[in-house]
Amino acid sequence: MLSEEDVGFFRRRIDELMEDARLSEWQRQFLGDMRGKIARYGVRTKVSDKQFAILKRLTQEKSTRPNLRLISAAEPLLPSPPPAKQVRQHGPLAFSSRRDGGPFRMPRNPLRPRNPFRVRNPFRPRTTYQHLRRASRFSWAILIGVMLVITIVSSLSGLVDQGAENSAGQSAAIGTAVQRSDTAVDFTVTDGDTIRLNDGTRVRLVGFNTPEKFEPMCSNEAKLGNRASDRLRELVGQANSTNVSLVACSCKPGTEGTKKCNYGRKCGKLDVDGRDVGQILISEGLAVPFVCGATGCPRTPRPWCG
């Protein structure tokens with residue numbers, strides 16, 4: 001708060017300075033705001049240390065500041081002693097206010113609410129403790145974010161690996177094998193005479209017929225069908241080279257690629273190490289010859305049920 005002496009002095013000096021045309025815009029604005037606060041609150045005017053310092057710097061006179069105080073008529077006109085520095089008591093120790101030139105600043109009352117309308121100086125440096133605390137919070141936030149990203153990436157990688165293992169296990173369970181041929185065609189074995197390319201195309205191998213394992217007519221055919229599929233998978237897995245070549249199906253013109261032609265499957269031949277797999281299966285009793293004509297096929301041979 002200001003003393004009566006400060007109030008009188010600042011009122012007079014601000015009025016004098018407001019008539020000075022050399023003031024800048026911000027100085028004029030600052031002095032006008034302070035003049036209004038002093039006129040409204042008087043000795044109860046509250047100013048910050050920085051505002052008080054700026055006000056003293058702008059209102060200082062070349063001559064010494066007059067000592068203004070009220071005296072009675074009977075009191076002799078003697079020079080008054082300089083005003084004693086106001087000392088604020090805080091606990092057992094007394095600290096001089098920075099406003100009065102002291103080296104210390106009183107700690108803020110923690111029970112005093114902050115003024116929400118006070119304009120903070122954006123160029124005022126923050127205390128070291130506040131700066132370190134904000135930097136620590138920011139560092140922790142970055143660390144937690146990095147840990148979350150690492151956890152999510154690890155989880156996704158584990159799911160992908162697990163899915164690949166499950167797919168591999170499922171493929172092994174249903175008796176399929178994937179091999180790369182000389183012509184860089186990947187495929188899986190469906191049964192003894194059918195394969196599936198890596199793009200999903202089903203290919204019926206021509207020239208032979210193996211027992212059915214999915215819809216057998218008897219238990220003997222089912223048994224031989226599984227053996228034929230296992231043997232074809234074994235031949236592909238042990239071969240140094242495989243080759244799949246597509247050929248035209250023996251269907252009526254205009255029906256190739258539809259269900260009316262070989263149930264929508266393509267037709268082809270499979271060689272392992274230069275040998276046709278159909279001839280190998282026939283020689284081992286796991287397949288029978290099945291030769292079609294140009295536009296049609298004879299009845300499918302299935303001699304395994306007697």
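The values are calculated or read from the model by the stated rules, or taken from the named source; none is laboratory data. This is a predicted model, so every value here is computed, not measured. With ideal geometry, Cβ positions are generated from the backbone for all residues, glycine too; neighbour counts draw on all protein chains shown. Heavy atoms of the whole protein, side chains included, go into the accessibility calculation; ligands, DNA and RNA do not. Shrake-Rupley method; radii C 1.70, N 1.55, O 1.52, S 1.80 Å.
Report, by residue number, each residue of region 218-228 that is surrounded by 13 or more Cβ atoms within 10 Å (Cβ to Cβ) and more than 11 Å from residue 193 (Cα to Cα). Walk me through it before giving the result.
Filtering region 218-228 for residues surrounded by 13 or more Cβ atoms within 10 Å (Cβ to Cβ) gives 218, 220-228.
218, 220, 221, 222, 223, 224, 226, 227 - these are the residues of region 218-228 that are surrounded by 13 or more Cβ atoms within 10 Å (Cβ to Cβ) and more than 11 Å from residue 193 (Cα to Cα).
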> Among (1) under 30 Å from residue 224 (Cα atoms); (2) modelled with pLDDT of 85 or more; (3) assigned to a helix (DSSP H, G or I), which single condition is residue 167 missing?
Replying inline: (2)
> Do you know which of the residues in region 194-215 that are under 17 Å from residue 227 (Cα atoms) and polar (S, T, N, Q) is surrounded by the most Cβ atoms within 10 Å (Cβ to Cβ)?
Replying inline: 210
> Quick one: how many residues across region 1-49 are open to solvent by less than 30 Å² (accessible area, probe 1.4 Å), under 20 Å from residue 115 (Cα atoms) and either of a type in the set (A, V, I, L, M, F, W, C) or in contact with a strand residue (DSSP E or B) (Cβ under 6 Å, 6 or more places away or on another chain) (or both)?
Replying inline: 4
> Which of (1) under 26 Å from residue 199 (Cα atoms); (2) touching a strand residue (DSSP E or B) at 6+ places or on another chain (Cβ under 7 Å); (3) in a loop (DSSP other than H, G, I, E, B) does residue 215 not meet, given it meets every other one?
Replying inline: (2)
>> For the list (1) modelled with pLDDT of 75 or more; (2) assigned to a loop (DSSP other than H, G, I, E, B); (3) surrounded by 10 or more Cβ atoms within 10 Å (Cβ to Cβ), I need the number of the one condition that residue 112 fails.
In response: (3)
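For region 23-49, give me each residue that is of a type in the set (D, E, K, R) and either over 16 Å from residue 4 (Cβ atoms) or in a helix (DSSP H, G or I) (or both).
Going residue by residue through region 23-49, those that are of a type in the set (D, E, K, R) are 25, 28, 33, 35, 37, 40, 44, 46, 49.
25, 28, 33, 35, 37, 40, 44, 49, listed by residue number.
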